[in-house]
Structures are given as C-alpha cells and as structure tokens.
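The values are calculated or read from the model by the stated rules, or taken from the named source; none is laboratory data. Quick caveat: nothing in here was measured; it's all calculated off a predicted structure. Cβ sites come from the backbone with ideal geometry, for glycine too, and all protein chains shown count toward neighbours.
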Amino acid sequence: MEIGYYPGCTLKTSARNFERTALAVLELLGIKAVELSEWYCCGVNFSQVQDNLMLQLAPLRTLMKARDSGFTRILTLCTMCYNTLRRASLFLQADEERQRIINDFMDRGAASYRGDEVTVIDLLTLFREIGISEIGHKIGRSGIDLKVAPYYGCMLLRPREVAVDDASDPTIMEEVLQSVGCQPVAYPMRIECCGSYQIVNEPAVVWQRTRLIVESARQNGAEVMVVLCPLCHYNLDSVQLEIQRTDSRFQTLPVLYLTQLLALLAGIGEGNDWSLHSVDPRPILKAKGLL
Amino acid sequence: MAEKIILTHQKINGPDAEVIHEISGVNVFACYQCGNCSATCPAVDFMDIPPHQIMRNLQLGLVNEVLNTKTPWICLACLSCSVKCPRSLDIARVMEGCRNLILRRKYEYFNIHTLDSETRLKLPPIALIANFRKNLL
C-alpha cells in the first residue's frame, strides 16, 4: 500500500533516526510512504486564536498540495505535525466563512479547499490498521526481556477530537510493545507534558518535568523509554545529563523513538546515528542482544 | 488584609475582556472555580498565579492584573486543563488570548537575539519554531 508522507522540519534534522527507522519498518510491513513533492513547515503549534486565519495558512497549504498530488490520506510521523495538520483541517471544516476567507487568500488558480479532502493520520493509527498481531508476527522476537516505558505526551491525545486512542487511558503503544515481545512498563507519567517549547525560554520547567517523568518510569522498572515526538525526545533525552551533573544520584534512562526499537527487533541495524542521543542507549541494547 | 477590589460593570465588560473573548472564543463566566485546571497543570509551580485564578480575575474584569502575570507565558499549551475542565472550557485558549492581546500591542515577548548562537544551534527546529509561534507575532 502507498500512503502520502509529510515529514516536517525536525524529521530531516535532529529526528533523522525517527524518519529512517520508521520508513524502514513501514516498508517491512508492506507500506510505501511517498514523501509529498511540496510541503511547508506546519508551524509546530496549532494556533488557538479564533480571529486570525493567517496562522492556519501554512498547514492548510500543505494539505492542499497533498490533495493536488492525488492523496486522500497523509501520514505524519512527528506528533506535533500530526496535531497541527489535523486540527487545522477540523478548524476549516467547521465553518464555511473560514473556508471562504482562506480560499480567497490562497494561490491564484488553486482549487478551493474545504478541509475534509485529505485525512491526516499518525503512525499508531496506521499500526492499528495494519494489525497489531501482524506487526508482532513480522517484527516480534521472543526472549527479549526488555522493559520499555511507552511515553505518549500530549499531542497524540489532546484535544479529544484528535486523540489517537482513549485520551486518558491509551493502550496502543503497550499493545505494540507486547506484540513484538517487549514488556511495557506501567507508570503514571506516560501522558504528562514534557515541558514542550519552554526548553527555549524557561528550561527549568523542562528540567522539572523530565525528572518526574524519568524517575517515574525508572521506579517502575523501565530500562528504556520510547517516544514518538521529536520535541519530547529532545527534552527528555538531552536534559537528563544536565540533571545528572547537578545530582549524581539521578539515574539516566535511554530514550528511543518507538520505531528505532522496532527496527532493531526486526534486525534492521542501519539508520541510527547514535550521536543524536545524549543518554547512550547502546549499552542496554547490546546487553539485550539487539545491537 | 487583602487589597480591596472595586468591581464595576464597565470593568467586567471592558474592551480588553471583550478582545480576549473574541480571540479565544471562551466564555470565562461559565467557570465555577473548581480548580481542576490548576490541579492538573504541569507548569503551575512556575506560574505566579494559577490558571483558575486567571479565570476568576477575568470574570471580575481584572484584565490588566492578568496581563501583568507571567502565567500565560509559562503555559505549555499541553491542553491538560482543557480536557479536564468539567465545564468544557478551553482554558489553554484563554491563555492564548492573553498572550495575543499583549503581542498585538507590542509584537514580541521574546527577542531571538537574546539567544546565544550555541543554544540556537543545539536546539531542534521544532523547539525554536514552537517558541516563536507562542512568543512573537
């Protein structure tokens, strides 16, 4: 099966490991992700402003280009892109006046857009479609004994209208982990915010959040954490070494993209640039026979 | 003793309160002060007043008092408050309304030139762009 693929900025830079391993895993599962020939930055944060439609132009223009390329569905790996693109479509669909204003502003000659022509889906939804048992069958291994803390963060679950699973008690990542032979760890902080973009202005917020999240996962036995958001990955990973510098009792926890783990389980060794990790995941992966 | 607040009809229905309503689309008067938003907020420790007090101040027309707090600039837009509100109020939108009311007057809360180049190169694009979207207009 072919599906349109919207990468977004970070997948081409600091989240290269995510893109490479995700595309390899999808190929193994029989999905060809075709990158859109033209795409723009989505703006990362969905604009919550009701009265300024300008802020919706960037995500909507990408969706229009996707439609013009013949796609009715596009896949996003980055959860922030998913959230922004999906909410922009819903925002446009909800109101005809908005559609009129946006379309007046778009490129001359472009066919008008209603917001429902292209569906935006995330990786976990695609996994559910492929079938969890199918993933287990093609990727799973027995005897791995790796305790993995799945971290959902915000953008896959909130607001409710874009949630990819139950917004307060998701299970999809746990199901995937279980199917491939890992042990998902239950811990209370899995749907909490990592501190998001405050890493720029107020890094103390991210420090506090990372500490709580990592300690919660550690206390419940996690050996690695898996994420799907490049911002969560940066925050949860890079800050840990700084926390350890100020408090030597703090125990670090390697943070991987879910697809990095799946690729290694499937025996796909390439695609990982380990220098993009602050906490080195290689020792635990080697100990478990994955590297 | 707490400072005496003089409430007036003009204040409660003042132009700034109206603008926040227009930007956010949220009716702050529907809030009944249960405090769920503040209880669930992951960044509340860093705010000078918690989210439910922002809502209460706006109900009383104390818009300037709200705009002088750090709270809307600490908000992470994680929507924890919005999904937990028993009145289905999107409190994160109110925070966006407060930020935008200020940004529409002075255009920027954050100056990119204050970021040293080492930090700028270290941070991933996703963090920088999100930050600019929240703090600049």
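Computed values, structure above
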| read-out | value |
| --- | --- |
| Number of the condition not met by residue A:62 [criteria: (1) buried (at least 23 other Cβ atoms within 10 Å of the Cβ); (2) within 12 Å of another protein chain (Cβ to nearest Cβ); (3) among the polar types (S, T, N, Q)] | (2) |
| Residues located in the range B:1-51, provided they are among the polar types (S, T, N, Q) and free of Cβ contacts under 8 Å to residues at least 60 places away in the same chain | B:8, B:10, B:13, B:33, B:36, B:38, B:40 |
| Odd one out for residue A:211, checked against (1) under 22 Å from residue A:238 (Cβ atoms); (2) crowded, with 17+ Cβ neighbours inside 10 Å; (3) not polar (S, T, N, Q) | (2) |
| All positions within the range A:235-266 that are in a helix (DSSP H, G or I) and closer than 19 Å to residue A:150 by Cβ | A:235, A:236, A:237, A:240, A:258, A:259, A:260, A:261, A:262, A:263, A:264, A:265 |
| Test: residue in the range A:13-20 that is within 15 Å of the chain's Cα centre (by Cα) and away from every other protein chain (no Cβ under 14 Å) | yes |
| Condition broken by residue A:116, with the remaining ones in (1) of a type in the set (Asp, Glu); (2) without any contact (Cβ under 8 Å) to a residue 24 or more places away in the chain; (3) part of a loop (DSSP other than H, G, I, E, B) satisfied | (2) |
| Lone unmet requirement of (1) of a type outside the set (Ser, Thr, Tyr); (2) facing another protein chain (nearest Cβ under 8 Å); (3) touching an Asp or Glu at 6+ places or on another chain (Cβ under 6 Å) for residue A:34 | (2) |
| Filter pass, residue B:19 being β-branched (Val, Ile, Thr) and closer than 30 Å to residue A:204 by Cβ | no |
| From B:79, B:136, B:123, residue being surrounded by fewer than 23 Cβ atoms within 10 Å (Cβ to Cβ) and out of contact with any strand residue (DSSP E or B) (no Cβ under 7 Å at 6 or more places or on another chain) | B:123 |
| Residue list for the range A:1-39, restricted to those being touching a residue at least 40 places away in the same chain (Cβ under 8 Å) and acidic (Asp, Glu) | A:19 |
| Residue ranges of helices (runs of 4 or more DSSP H) in the range B:52-137 with at least 3 members within 12 Å of chain A (Cβ to nearest Cβ) | B:71-74, B:80-84, B:91-106, B:117-122, B:125-135 |
| Hits in the range A:186-211 (condition: within 18 Å of residue B:123 (Cβ to Cβ), more than 19 Å from the chain's Cα centre (by Cα) and polar (S, T, N, Q)) | A:201 |
| Close pairs from the range B:55-69: first in contact (Cβ under 8 Å) with a residue 24 or more places away in the chain and assigned by TED's automatic domain parsing to the domain that holds residue B:38, partner surrounded by fewer than 20 Cβ atoms within 10 Å (Cβ to Cβ) and among the acidic types (Asp, Glu), Cβ under 8 Å, at least 6 apart | B:63/B:16; B:64/B:16; B:67/B:16 |
| Selection count where residues are out of contact with any strand residue (DSSP E or B) (no Cβ under 8 Å at 6 or more places or on another chain) and surrounded by 16 or more Cβ atoms within 10 Å (Cβ to Cβ), scope the range A:214-225 | 3 |
| Residue A:198 being closer than 30 Å to residue B:114 by Cβ, within 14 Å of chain B (Cβ to nearest Cβ), surrounded by 24 or more Cβ atoms within 10 Å (Cβ to Cβ) and without any contact (Cβ under 8 Å) to a residue 24 or more places away in the chain | yes |
| Residue, farthest from the chain's Cα centre (by Cα), within the range B:16-32, restricted to residues that are of a type in the set (A, V, I, L, M, F, W, C) and not in a helix (DSSP H, G or I) | B:31 |
| Which numbered condition residue B:42 misses (of (1) within 14 Å of chain A (Cβ to nearest Cβ); (2) within 13 Å of the chain's Cα centre (by Cα); (3) crowded, with 22+ Cβ neighbours inside 10 Å) | (2) |
| Residue B:6 part of a loop (DSSP other than H, G, I, E, B), of a type in the set (A, V, I, L, M, F, W, C) and either exposed (fewer than 11 other Cβ atoms within 10 Å of the Cβ) or within 13 Å of chain A (Cβ to nearest Cβ) (or both) | yes |
| The range A:37-53, subset at the interface with chain B (Cβ under 8 Å from one of its Cβ atoms) and of a type outside the set (S, T, N, Q), residue farthest from residue B:122 (Cα to Cα) | A:51 |
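Every residue, every condition in (1) farther than 23 Å from residue A:228 by Cβ; (2) of a type in the set (D, E, K, R); (3) within 24 Å of the chain's Cα centre (by Cα), yes or no:
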| position | (1), (2), (3) |
| --- | --- |
| A:244 | yes, no, no |
| A:255 | no, no, yes |
| A:259 | no, no, yes |
| A:263 | no, no, yes |
| A:268 | no, no, yes |
| A:273 | no, yes, yes |
| A:276 | no, no, yes |
| A:281 | no, no, yes |
| A:288 | no, yes, no |
